[in-house]
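To keep things clear, I will list the structure first and then write my remarks on it.
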Amino acid sequence: MVLNDQQIAGMDKAQRTALMNSITGYKPLNLLGTISANGRPNVCIVSSVFHMGSNPALLGMIMRPPRPNNDSLCNIRDTRSYTLNNVTADHYREAHQTSASYPSGVSEFEQCGLEEYYHEDHKAPFVASSFIKIGLEVAQIIDIELNGTTLVIGKVVHVIINDNVVGEDGSIDHVIANSLAGSGLDGYFQPRLLDRLTYAKPDKPVKSLIGEDDH
């Protein structure tokens, strides 16, 4: 099959949406926790978070074009505080339900059966059942005119994580953390470790860090 841009644009909306949301493969899944200026919590599932830098520690996130009931982006703009929490196999159905279009002001925590967790130094709520909890403050917000989306760049100010999830070298073991990956709008996957490789250098072949016979 070969599709050009005009054919893609002419596809049925649902089919085009499914195609373009899944075409790049597996994506990280996170629950985005926010709170309004008057203290109303909100949570929704997102699949557009990406690494932007380690020093300072920055994460980027693309938010969909504003809608009347898009409380998450409004809350981020108002409070400058939000959280990202890994989606696990224990609560993926509840996480998926947060994508429903609830009326503005309704707490998805209450509606979807997720428990809030608050840290004394962070305003926005975390998801209690997540093994990886990241607290962020807004570093920059960029409105993208091309398609009406918004890039939110956050500075990591808190990491709350189970000790056994962090390796000696600082890397996160997402298998132990029970993290799920997503594809499209409704696909949930449990990843497994294939290998870890040595740092790539021009004059050296890469080698396995876990042993050639262990994967």
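Basic side chains Lys and Arg get +1 at the Cβ, acidic Asp and Glu get -1 at the Cβ, and with that the dipole of the chain about its Cα centre reaches some 580 debye. When you work out D = kT/(6 pi eta Rh) for the stretch 60-213 at 25 °C and 0.890 mPa s, using the Kirkwood radius from C-alpha pairs as Rh and the Stokes-Einstein form, the result is 137 µm²/s.
Among V87, V165, V127, which one shows the biggest mean-square fluctuation in a GNM of the chain, springs joining Cα atoms closer than 10 Å? Top of the fluctuation ranking is V165. Extension gain, I176-L197: 0.36 nm per intervening residue step, less the Cα-Cα distance, totals 5.7 nm. The modelled label-to-label distance between Y117 and L3, using points 7 Å beyond Cα along the C-beta direction, is 4.0 nm. For K207, a cut-off of 28 angstrom between C-alpha atoms picks up these lysines, skipping any fewer than 8 places away in its own chain: K27.
The stretch 169-195 and the stretch 130-149 have their alpha-carbon centroids 21 Å apart.
R0 = 22 Å: FRET efficiency of V157 with H51, Cβ-based, nearest 0.05?
0.85
Quick check for you: with a 1.4 Å probe and neighbouring chains kept, what is the accessible area per residue of the stretch 56-134, in Å²? Provide the component values of the computation, followed by the final result.
Working: 3770 Å² over 79 residues.
With all protein chains present, the stretch 56-134 gives 48 Å² per residue.
Here the contact order of the stretch 96-205, divided by its residue count and restricted to Cα pairs under 8 Å and six or more residues apart, works out to 14 percent.
What percent does the relative contact order of the stretch 20-94 come to when contacts are Cα pairs within less than 8 Å and at least six residues apart? Could the numbers behind the result be given before it?
On the way: 97 pairs, mean separation 27.7, N = 75.
Relative contact order for the stretch 20-94 comes out at 37 percent.
Name the most mobile residue of S101, S72, S81, meaning the one with the largest mean-square fluctuation, in a Gaussian network model of the chain with Cα contacts below 10 Å. Result for the chain, Cα springs under 10 Å: S101 fluctuates most. Straight-line reach from K123: taking Cα to Cα under 22 Å and skipping same-chain neighbours fewer than 8 places apart, the lysines in range are K133, K155.
Please give the per residue volume of the convex hull enclosing the alpha carbon atoms of the stretch 172-215, rounded to a whole number of Å³. Mind dumping the intermediate values first?
Numbers: hull volume 4.8 nm³, N = 44.
Taking only Cα atoms, the stretch 172-215 has a hull volume of 109 Å³ per residue.
In a DSSP loop and with at most 16 other Cβ atoms within 10 Å, the GluC sites (Glu not before Pro) in the stretch 60-137 are E115, E120. Within the listed set H96, H158, H51, the residue fluctuating most in the Gaussian network model of the chain (springs between alpha-carbon atoms under 10 angstrom) is H51. By the rule of a C-alpha distance below 24 Å, with chain neighbours fewer than 8 residues away ignored, no lysines are paired with K204. Counting only C-alpha contacts under 8 Å and six or more residues apart, can you give the relative contact order of the chain as a whole percent? Relative contact order here is 21 percent. Site pair V166 and C74 shows an inter-label distance of 3.7 nm when each label is modelled 7 Å from Cα along Cα→Cβ.
Suppose R0 equals 45 Å. What FRET efficiency, 1/(1 + (r/R0)^6) with r the Cβ-Cβ distance, do S36 and V206 give to the nearest 0.05? Before the final figure, lay out each step's value.
On the way: r = 48 Å, r/R0 = 1.07.
Calculated value: 0.40.
Paramagnetic label reach from S101 (point 7 Å along Cα→Cβ; backbone nitrogen cut-off under 20 Å): within the stretch 20-50, residues 20-21, 42-47.
Based on a Kirkwood Rh over C-alpha pairs, give the Stokes-Einstein translational diffusion coefficient of the stretch 55-149 at 37 °C and viscosity 0.692 mPa s in µm²/s.
Values: Rh = 14.7 Å.
Estimated diffusion coefficient is 224 µm²/s.
Beyond 20 Å, the tail of the calculated P(r) for the stretch 1-117 holds 50 percent of the Cα pairs.
The values are calculated or read from the model by the stated rules, or taken from the named source; none is laboratory data. Bear in mind the structure is a predicted one, so any value in this text is a computation, not a measurement. All Cβ positions, glycine included, derive from the backbone under ideal geometry; neighbour counts span all protein chains shown. Areas reflect the complete protein model, heavy atoms only, side chains present, ligands, DNA and RNA absent. Shrake-Rupley method; radii C 1.70, N 1.55, O 1.52, S 1.80 Å.
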